[in-house]
Amino acid sequence: MKMKLALLLGKLVYLLGKPLGKSTNLPGELALRICPDLMGRFRFDGKVLAVTGSNGKTSTANMIAHILKKQGRSVAHNAKGSNLTGGVATALLAASSMSGRIKEDFVVLEVDERFSRLIFRDFSPDYLLCTNLFRDQLTRNGNVDVIIEKLHEAIKPQVKLILNGNDPISGDLAPENPRVYYGLSKTAQSPERCQNITHDAKVCPRCLGRMSYQYYHYNHIGGFSCTKCGYTNPHWTYTAGDADLAAGDFTVNGCPVHTDYKDLFNILNTTAAIAACTELGLPLKDCCEAASTFVALKQRYDEFSVGNRRAVMILSKNQNPVSFDQSITHVLEREGEKTVVVFINNINHTGHRDTTWLYDIAFERLLGKVDSIVGTGPRAYDLAVRLKLAGFPTEQVRIERDLSQLKPVIDKTRGDICILTELYDAKSILGVISK
């Protein structure tokens with residue numbers, strides 16, 4: 001009885017809230033209050049795949065759903081990235097019948113790594129894909145070891161893992177579980193020295209010996225080996241190679257793939273999506289063809305014009321240095337003159353106190369590569385201090401905390417406008433500079 005009431009009210013709130021944009025978390029949260037073990041009562045006709053990790057899980061999960069649909073499969077999916085308990089419950093109740101049956105061929109769930117043990121308390125996915133693990137929102141999540149412990153609580157023995165073979169941390173998850181690995185071979189853009197400040201695997205996650213790297217794709221993702229215990233890149237069932245970033249072309253096990261998002265981070269995530277869909281039973285060639293037609297959500301990456309200047313909005317995950325590092329990579333790959341606009345907001349859950357994460361972002365990579373950097377938002381002066389430490393000349397850094405006064409400052413700069421911010425601040429900036 002509780003389950004039927006939870007489904008009835010959850011579905012009603014979902015339908016009423018959809019036009020108002022209130023249908024991602026609230027329906028599931030309400031349903032779980034009525035029936036706390038609701039997610040354990042759903043029955044699935046198809047396979048359940050969960051996608052988690054510090055970075056890239058939204059785009060990877062969306063790409064998986066895209067590939068499956070392109071091949072004519074039906075998919076239930078929390079596409080908007082609502083990956084906490086309420087968001088996952090909403091996706092499941094919206095797809096289910098009043099008896100709790102979900103008839104879709106596949107269920108693809110993006111899952112927050114910290115909440116995974118709560119989400120999978122009463123049910124378990126058939127497959128779990130982990131994109132990577134980094135320090136992420138330290139004041140909220142703790143260090144990487146804390147996240148690994150929570151994931152180990154969530155991963156049941158029968159779950160098949162799909163893991164990043166270039167990541168020594170996430171690649172070592174739940175060692176007794178069945179698994180396959182995907183990886184990216186060394187490319188012309190893979191340096192032998194780390195270009196980033198954030199490097200969470202300088203020591204081996206198994207024995208704490210010194211970790212040696214033959215190449216880096218980004219941060220601690222690359223070709224690794226432990227000088228003490230010999231832990232090294234595992235065998236990859238799915239290998240990305242022949243990467244031509246200028247063209248956006250690469251291969252997976254020899255099959256051609258194209259992407260419009262031309263960086264090593266995206267190539268690895270695309271390979272992850274192809275690996276997952278192939279493990280779900282689709283032909284590799286068809287997965288590669290479908291992945292080549294994927295277009296990322298404009299909420300995450302969007303190009304447009306501001307007057308006679310080109311502009312790009314690149315969204316980063318708040319308090320996530322690796323995410324900002326990837327945004328900086330996008331900036332550096334753009335040809336020609338450019339100005340970077342960075343919005344830094346308060347962090348509510350720290351009482352507006354924490355800006356330490358700014359010091360894990362490699363802003364130094366922009367030195368000599370941009371016309372100027374414009375800082376805005378409540379913590380713009382904290383950004384100015386960080387940029388001064390990075391060595392930027394005072395005249396190259398412009399600060400305007402008041403968004404309403406931002407456009408005249410940008411108008412005094414040159415080149416393409418590259419806006420780096422996080423998801424929830426994007427609309428406010430666009431509304432100002434597009435006038």
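Between residues in the range 378-399 that are in contact (Cβ under 8 Å) with a residue 24 or more places away in the chain and residues that are open to solvent by 40 Å² or more (accessible area, probe 1.4 Å) and among the β-branched types (Val, Ile, Thr), which pairs lie under 9 Å by C-beta distance while being six or more apart or on different chains?
Ala380/Ile399; Leu383/Ile399
Applying the selection to the range 84-95, what residues are surrounded by fewer than 24 Cβ atoms within 10 Å (Cβ to Cβ) and under 19 Å from Glu153 (Cβ atoms)?
Correct list: Leu84, Thr85.
I want to confirm something. Restricting to the range 174-189 and keeping residues that are aliphatic (A, V, I, L, M) and in contact with a Phe, Trp or Tyr (Cβ under 9 Å, 6 or more places away or on another chain), which single residue is surrounded by the fewest Cβ atoms within 10 Å (Cβ to Cβ)?
Among residues in the range 174-189 that are aliphatic (A, V, I, L, M) and in contact with a Phe, Trp or Tyr (Cβ under 9 Å, 6 or more places away or on another chain), the one surrounded by the fewest Cβ atoms within 10 Å (Cβ to Cβ) is Val180.
Just for the range 361-417: of the residues that are touching a Leu at 6+ places or on another chain (Cβ under 8 Å), of a type in the set (Gly, Ala, Ser) and surrounded by 20 or more Cβ atoms within 10 Å (Cβ to Cβ), which one is modelled with the highest pLDDT?
Gly375
What's the total number of residues in the range 218-249 that are assigned to a strand (DSSP E or B), touching a residue at least 60 places away in the same chain (Cβ under 8 Å) and within 21 Å of Val180 (Cβ to Cβ)?
Of the residues in that region, 1 qualify.
Among what's in the range 190-204 and is free of Cβ contacts under 8 Å to residues at least 40 places away in the same chain and not in a strand (DSSP E or B), pick the residue that is most open to solvent (accessible area, probe 1.4 Å).
Arg193
Any idea how many residues of the range 96-109 are farther than 14 Å from Lys4 by Cα and either open to solvent by less than 30 Å² (accessible area, probe 1.4 Å) or free of Cβ contacts under 8 Å to residues at least 12 places away in the same chain (or both)?
Residues meeting the conditions: 5.
Does the range 1-52 hold any residues that are open to solvent by less than 20 Å² (accessible area, probe 1.4 Å) and among the hydroxyl-bearing types (Ser, Thr, Tyr), and which are they?
Those that are open to solvent by less than 20 Å² (accessible area, probe 1.4 Å) and among the hydroxyl-bearing types (Ser, Thr, Tyr): Ser23, Thr52.
Against the definition (in a helix (DSSP H, G or I), touching a residue at least 24 places away in the same chain (Cβ under 8 Å) and either closer than 25 Å to Ser170 by Cα or of a type in the set (Lys, Arg) (or both)), how does Gly87 come out, yes or no?
Spelling it out, Gly87 is indeed in a helix (DSSP H, G or I), touching a residue at least 24 places away in the same chain (Cβ under 8 Å) and either closer than 25 Å to Ser170 by Cα or of a type in the set (Lys, Arg) (or both).
Do any residues in the range 317-345 that are among the aromatic types (Phe, Trp, Tyr) have Cβ atoms under 6 Å from those of residues that are open to solvent by less than 20 Å² (accessible area, probe 1.4 Å), where the two are at least six apart or on different chains, and which pairs are they?
Phe324/Ser316; Phe324/Ile361; Phe343/Thr376; Phe343/Gly377; Phe343/Thr421; Phe343/Asp425; Phe343/Ile429
Given (1) in contact with a strand residue (DSSP E or B) (Cβ under 7 Å, 6 or more places away or on another chain); (2) surrounded by 24 or more Cβ atoms within 10 Å (Cβ to Cβ), identify the lone condition not met by Val75.
Checking Val75 against (1) in contact with a strand residue (DSSP E or B) (Cβ under 7 Å, 6 or more places away or on another chain); (2) surrounded by 24 or more Cβ atoms within 10 Å (Cβ to Cβ), the one that fails is (2).
The values are calculated or read from the model by the stated rules, or taken from the named source; none is laboratory data. Bear in mind that the values here come from a model prediction, so they are computed numbers and not experimental data. Backbone-built Cβ (ideal geometry, glycine too); neighbour counts: all protein chains shown. Note: accessible area is taken over every heavy atom of the protein model, side chains too, but ligands, DNA and RNA are not part of it. Shrake-Rupley method; radii C 1.70, N 1.55, O 1.52, S 1.80 Å.
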